[in-house]
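First up is the structure itself, then whatever we jot down about it.
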Amino acid sequence: MACNFYILYSSVLDKFYLGHTCEPLEERLRKHLANHSGFTGNCKDWKIVYSEEFLDKSAAYQRERAVKAWKSKKKIIELIQNKT
């Protein structure tokens with residue numbers, strides 16, 4: 001089962017959200033845009049700006065943790081801009 005590491009962006013908040021999922025990205029985005037009490041529930045303009053596919057959930061989660069460890073908006077923007 002293929003899984004993804006993904007990055008969402010909200011222009012209203014000017015923030016990124018990093019996550020991973022094994023469901024289709026469009027379905028995961030729909031859940032982020034739904035009414036809920038989580039971080040992405042506060043805004044309805046989230047867009048998928050980056051994704052990487054992995055063979056399993058563990059690898060996708062490891063990638064998410066590695067990028068979050070950067071703690072750098074600048075490096076995240078560079079990653080998005082350099083995607084092939």
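The values are calculated or read from the model by the stated rules, or taken from the named source; none is laboratory data. This structure is a prediction, so every number in the text was calculated from the model and none was measured. Methodologically, a virtual Cβ is constructed for each residue, glycine included, from the backbone with ideal geometry; neighbour enumeration extends over all protein chains shown.
Contact list please: Cβ distance under 7 Å, first residue in region 6-20 and without any contact (Cβ under 8 Å) to a residue 40 or more places away in the chain, second residue surrounded by fewer than 18 Cβ atoms within 10 Å (Cβ to Cβ), pairs at least six apart or on different chains. As it stands, the answer is S10/C43; S10/D45; S11/D45; V12/C43; V12/D45; L13/C43; Y17/F39, since those pairs meet every condition given.
Taking region 28-44 as the range and being more than 18 Å from I80 (Cα to Cα) and in contact with a strand residue (DSSP E or B) (Cβ under 8 Å, 6 or more places away or on another chain) as the test, the residues that pass are R28, H32, F39, T40, C43. Within region 41-66, restricting attention to residues that are basic (K, R) and without any contact (Cβ under 8 Å) to a residue 40 or more places away in the chain, the residue that is farthest from Y6 (Cα to Cα) is K44. Pairs are defined by a Cβ separation below 9 Å, a sequence spacing of at least 6 or placement on different chains, a first member in region 26-40 that is modelled with pLDDT of 90 or more, and a second member that is surrounded by fewer than 11 Cβ atoms within 10 Å (Cβ to Cβ) and not aliphatic (A, V, I, L, M); the pairs so defined are H32/G38. Within region 54-68, is there a residue that is modelled with pLDDT under 95, out of contact with any Pro (no Cβ under 9 Å at 6 or more places or on another chain) and surrounded by 17 or more Cβ atoms within 10 Å (Cβ to Cβ)? No, region 54-68 contains no residue that is modelled with pLDDT under 95, out of contact with any Pro (no Cβ under 9 Å at 6 or more places or on another chain) and surrounded by 17 or more Cβ atoms within 10 Å (Cβ to Cβ).
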